[in-house]
1. Take His38 and tell me if it is closer than 20 Å to Asn113 by Cα and not hydroxyl-bearing (Ser, Thr, Tyr).
2. Identify, from the list Thr81, Thr73, the residue that is farther than 20 Å from Ala59 by Cα and polar (S, T, N, Q).
3. Considering only residues of segment 107-151 that are of a type in the set (Ser, Thr, Tyr) and touching a helix residue (DSSP H, G or I) at 6+ places or on another chain (Cβ under 6 Å), which is surrounded by the fewest Cβ atoms within 10 Å (Cβ to Cβ)?
4. If you take the residues in segment 52-61 that are assigned to a strand (DSSP E or B) and out of contact with any Pro (no Cβ under 8 Å at 6 or more places or on another chain), which one is surrounded by the fewest Cβ atoms within 10 Å (Cβ to Cβ)?
5. How many residues does segment 1-38 contain that are within 28 Å of the chain's Cα centre (by Cα) and of a type in the set (Gly, Ala, Ser)?
6. Looking at (1) of a type outside the set (Phe, Trp, Tyr); (2) closer than 21 Å to Glu132 by Cα; (3) not in a strand (DSSP E or B), can you tell me which one Ile49 breaks?
7. Could you tell me which residue of segment 144-174 is modelled with the lowest pLDDT, considering only residues that are in a helix (DSSP H, G or I) and not hydrophobic (A, V, I, L, M, F, W, C)?
Amino acid sequence: MSDPKFCTACATPLARIELAEDGGPKSRLRCPACGWTHWNNPTPVLAAIIEYRGQVLLARNAAWPHKMYALITGFMEAGETPQEGIAREIKEETNLDASALNLVGVYDFQRMNQVIIAYHAVADGEVRLSPELVDYRLYDLAKLRCWPAGTGYALADWLRTRGHEPQFMDWPRPAEPAAGTAPAAS
(Lines give C-alpha, C1' and ligand atoms only; values in the text may rest on other atoms or scores of the structure.)
Protein backbone atom coordinates (compact mmCIF):
# COMPACT_ATOMS: atom_id res chain seq x y z
CA MET A 1 0.00 0.00 0.00
CA SER A 2 1.35 3.41 -0.88
CA ASP A 3 1.35 6.36 1.46
CA PRO A 4 -1.54 8.81 1.15
CA LYS A 5 -0.84 11.99 -0.78
CA PHE A 6 -3.55 14.20 0.72
CA CYS A 7 -4.94 14.93 4.17
CA THR A 8 -8.05 12.88 4.94
CA ALA A 9 -9.46 15.80 6.99
CA CYS A 10 -8.96 18.80 4.65
CA ALA A 11 -7.47 17.43 1.37
CA THR A 12 -4.27 19.52 1.63
CA PRO A 13 -1.21 17.79 0.14
CA LEU A 14 0.74 16.02 2.90
CA ALA A 15 4.35 16.83 3.68
CA ARG A 16 7.05 15.00 5.63
CA ILE A 17 7.22 17.08 8.83
CA GLU A 18 9.37 16.37 11.88
CA LEU A 19 7.78 16.94 15.29
CA ALA A 20 8.66 15.98 18.84
CA GLU A 21 6.88 12.79 19.92
CA ASP A 22 7.29 10.51 22.95
CA GLY A 23 10.75 9.23 21.97
CA GLY A 24 12.02 12.46 20.46
CA PRO A 25 11.71 14.00 17.00
CA LYS A 26 9.85 11.89 14.44
CA SER A 27 9.37 12.59 10.74
CA ARG A 28 5.91 11.57 9.48
CA LEU A 29 3.51 12.53 6.72
CA ARG A 30 1.51 15.39 8.21
CA CYS A 31 -0.89 18.02 7.00
CA PRO A 32 0.73 21.48 7.06
CA ALA A 33 -2.73 23.09 7.15
CA CYS A 34 -4.62 21.24 9.91
CA GLY A 35 -1.94 19.08 11.57
CA TRP A 36 -3.47 15.68 10.73
CA THR A 37 -0.86 12.89 10.97
CA HIS A 38 -0.58 9.70 8.92
CA TRP A 39 0.62 7.28 11.61
CA ASN A 40 1.31 4.38 9.22
CA ASN A 41 0.70 1.79 11.93
CA PRO A 42 1.06 -1.90 10.96
CA THR A 43 -2.09 -3.79 10.01
CA PRO A 44 -2.96 -6.88 12.07
CA VAL A 45 -3.21 -9.99 9.90
CA LEU A 46 -4.54 -13.30 11.18
CA ALA A 47 -3.04 -16.61 10.05
CA ALA A 48 -4.12 -20.21 10.65
CA ILE A 49 -2.10 -23.40 10.64
CA ILE A 50 -5.10 -25.64 10.00
CA GLU A 51 -4.81 -29.20 11.23
CA TYR A 52 -7.40 -31.17 9.29
CA ARG A 53 -7.74 -34.92 9.69
CA GLY A 54 -4.17 -35.25 10.95
CA GLN A 55 -2.56 -33.16 8.20
CA VAL A 56 -1.94 -29.45 7.59
CA LEU A 57 -4.12 -27.71 5.01
CA LEU A 58 -2.43 -25.15 2.78
CA ALA A 59 -4.29 -23.29 0.05
CA ARG A 60 -3.49 -21.47 -3.19
CA ASN A 61 -4.93 -18.06 -3.89
CA ALA A 62 -6.30 -17.47 -7.39
CA ALA A 63 -4.02 -14.45 -7.81
CA TRP A 64 -0.79 -16.32 -7.02
CA PRO A 65 1.60 -17.99 -9.43
CA HIS A 66 1.18 -21.73 -9.92
CA LYS A 67 2.36 -24.06 -7.14
CA MET A 68 2.22 -21.47 -4.34
CA TYR A 69 0.38 -22.76 -1.27
CA ALA A 70 0.19 -21.04 2.11
CA LEU A 71 -1.64 -20.67 5.38
CA ILE A 72 -5.15 -19.28 5.49
CA THR A 73 -4.85 -15.59 6.33
CA GLY A 74 -7.03 -12.53 6.52
CA PHE A 75 -7.56 -9.17 8.12
CA MET A 76 -9.28 -8.63 11.45
CA GLU A 77 -12.66 -6.96 11.31
CA ALA A 78 -13.67 -4.16 13.66
CA GLY A 79 -15.39 -5.49 16.76
CA GLU A 80 -13.95 -9.02 16.74
CA THR A 81 -11.23 -10.67 18.78
CA PRO A 82 -8.29 -12.30 16.99
CA GLN A 83 -9.77 -15.73 17.86
CA GLU A 84 -13.15 -14.78 16.43
CA GLY A 85 -11.46 -13.34 13.35
CA ILE A 86 -9.38 -16.40 12.54
CA ALA A 87 -12.35 -18.73 13.12
CA ARG A 88 -14.34 -16.53 10.70
CA GLU A 89 -11.54 -16.55 8.11
CA ILE A 90 -11.22 -20.35 8.31
CA LYS A 91 -14.98 -20.71 7.79
CA GLU A 92 -15.11 -18.13 4.95
CA GLU A 93 -12.09 -19.52 3.09
CA THR A 94 -12.47 -23.28 3.62
CA ASN A 95 -15.96 -23.90 5.05
CA LEU A 96 -14.30 -25.70 7.99
CA ASP A 97 -15.29 -25.22 11.63
CA ALA A 98 -12.46 -24.61 14.09
CA SER A 99 -12.89 -26.67 17.25
CA ALA A 100 -9.64 -25.52 18.90
CA LEU A 101 -7.61 -22.36 18.47
CA ASN A 102 -4.22 -21.90 20.12
CA LEU A 103 -1.94 -18.92 19.68
CA VAL A 104 1.34 -19.87 17.98
CA GLY A 105 2.85 -16.39 18.13
CA VAL A 106 2.97 -12.85 16.84
CA TYR A 107 5.30 -12.12 13.93
CA ASP A 108 6.75 -8.96 12.48
CA PHE A 109 6.26 -8.58 8.73
CA GLN A 110 7.66 -5.09 8.11
CA ARG A 111 7.96 -5.43 4.36
CA MET A 112 4.15 -5.48 4.16
CA ASN A 113 3.73 -3.22 7.25
CA GLN A 114 1.84 -6.02 9.00
CA VAL A 115 1.84 -7.81 12.32
CA ILE A 116 0.85 -11.45 11.89
CA ILE A 117 -1.09 -13.12 14.70
CA ALA A 118 -0.78 -16.85 14.02
CA TYR A 119 -2.95 -19.62 15.43
CA HIS A 120 -2.99 -23.39 15.26
CA ALA A 121 -6.53 -24.50 14.51
CA VAL A 122 -8.01 -27.97 14.65
CA ALA A 123 -10.79 -27.95 12.06
CA ASP A 124 -13.42 -30.32 10.77
CA GLY A 125 -16.12 -30.43 8.11
CA GLU A 126 -16.07 -30.64 4.33
CA VAL A 127 -13.64 -28.37 2.52
CA ARG A 128 -15.34 -25.95 0.13
CA LEU A 129 -13.02 -23.17 -0.96
CA SER A 130 -14.07 -19.56 -1.31
CA PRO A 131 -13.85 -18.05 -4.81
CA GLU A 132 -10.51 -16.39 -3.96
CA LEU A 133 -8.88 -19.81 -3.43
CA VAL A 134 -8.41 -22.23 -6.32
CA ASP A 135 -6.85 -25.28 -4.70
CA TYR A 136 -5.72 -26.79 -1.43
CA ARG A 137 -3.38 -29.55 -0.40
CA LEU A 138 -2.97 -31.60 2.75
CA TYR A 139 0.56 -32.14 4.04
CA ASP A 140 2.03 -34.54 6.57
CA LEU A 141 4.03 -32.58 9.12
CA ALA A 142 7.31 -34.19 8.07
CA LYS A 143 6.78 -33.06 4.44
CA LEU A 144 6.08 -29.39 5.20
CA ARG A 145 8.71 -26.90 4.14
CA CYS A 146 8.69 -23.41 5.59
CA TRP A 147 9.32 -20.15 3.75
CA PRO A 148 11.67 -17.50 5.17
CA ALA A 149 9.14 -14.73 5.75
CA GLY A 150 5.95 -13.83 7.60
CA THR A 151 3.76 -16.87 8.15
CA GLY A 152 6.61 -19.26 7.32
CA TYR A 153 8.20 -18.45 10.68
CA ALA A 154 4.91 -19.21 12.44
CA LEU A 155 4.73 -22.58 10.71
CA ALA A 156 8.34 -23.30 11.74
CA ASP A 157 7.64 -22.46 15.39
CA TRP A 158 4.54 -24.68 15.39
CA LEU A 159 6.43 -27.58 13.79
CA ARG A 160 9.02 -27.38 16.58
CA THR A 161 6.22 -27.81 19.16
CA ARG A 162 5.32 -31.03 17.36
CA GLY A 163 8.87 -32.39 17.49
CA HIS A 164 9.80 -31.56 13.88
CA GLU A 165 12.84 -29.48 13.02
CA PRO A 166 11.56 -27.15 10.27
CA GLN A 167 13.15 -27.25 6.85
CA PHE A 168 13.23 -23.92 5.03
CA MET A 169 12.98 -23.67 1.26
CA ASP A 170 15.10 -21.47 -0.94
CA TRP A 171 12.87 -18.64 -1.92
CA PRO A 172 13.58 -15.97 -4.50
CA ARG A 173 12.02 -12.61 -3.77
CA PRO A 174 9.69 -11.88 -6.71
CA ALA A 175 6.32 -10.21 -6.19
CA GLU A 176 4.73 -11.95 -3.24
CA PRO A 177 1.17 -12.73 -2.20
CA ALA A 178 -0.67 -10.24 -0.03
CA ALA A 179 -1.86 -10.51 3.55
CA GLY A 180 1.25 -12.01 5.01
CA THR A 181 1.22 -15.21 3.02
CA ALA A 182 4.02 -16.99 1.25
CA PRO A 183 4.57 -20.09 -0.86
CA ALA A 184 4.77 -23.61 0.51
CA ALA A 185 6.38 -26.61 -1.06
CA SER A 186 4.19 -28.47 -3.48
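The values are calculated or read from the model by the stated rules, or taken from the named source; none is laboratory data. As the structure is a prediction and not an experimental result, all values here were calculated from the model. Glycine also receives a Cβ, built like all others from the backbone with ideal geometry; neighbour counts cover every protein chain displayed.
1. Values: closer than 20 Å to Asn113 by Cα: yes; not hydroxyl-bearing (Ser, Thr, Tyr): yes.
Yes.
2. Details: Thr73 fails: farther than 20 Å from Ala59 by Cα.
So the residue among Thr81, Thr73 that is farther than 20 Å from Ala59 by Cα and polar (S, T, N, Q) is Thr81.
3. Initially, segment 107-151 is screened for residues of a type in the set (Ser, Thr, Tyr), giving 107, 119, 130, 136, 139, 151.
With the extra rule that they be touching a helix residue (DSSP H, G or I) at 6+ places or on another chain (Cβ under 6 Å), the set shrinks to 107, 119, 130.
Numbers: Tyr107: 20, Tyr119: 27, Ser130: 16.
Going through the qualifying residues, I end up with Ser130.
4. Applying the first criterion (assigned to a strand (DSSP E or B)) to segment 52-61 yields 52, 55-61.
Checking the rest, the ones that are also out of contact with any Pro (no Cβ under 8 Å at 6 or more places or on another chain) come to 52, 55-60.
Details: Tyr52: 18, Gln55: 15, Val56: 22, Leu57: 24, Leu58: 24, Ala59: 25, Arg60: 23.
Ranking the candidates gives Gln55 first.
5. Within segment 1-38, residues that are within 28 Å of the chain's Cα centre (by Cα) and of a type in the set (Gly, Ala, Ser) number 2.
6. Going through (1) of a type outside the set (Phe, Trp, Tyr); (2) closer than 21 Å to Glu132 by Cα; (3) not in a strand (DSSP E or B) one by one, Ile49 breaks only (3).
7. At the first step, the residues of segment 144-174 found to be in a helix (DSSP H, G or I) are 150-161.
Among the residues that remain, those that are also not hydrophobic (A, V, I, L, M, F, W, C) are: 150-153, 157, 160-161.
Details: Gly150: 86, Thr151: 94, Gly152: 94, Tyr153: 96, Asp157: 97, Arg160: 97, Thr161: 97.
For segment 144-174, the residue satisfying everything is Gly150.
Every residue, every condition in (1) modelled with pLDDT under 95; (2) exposed (fewer than 13 other Cβ atoms within 10 Å of the Cβ), yes or no:
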| site | (1), (2) |
| --- | --- |
| Thr8 | yes, yes |
| Thr12 | no, no |
| Glu21 | yes, yes |
| Thr43 | yes, no |
| Ala47 | no, no |
| Ala63 | yes, yes |
| His66 | yes, yes |
| Leu71 | no, no |
| Gly79 | no, yes |
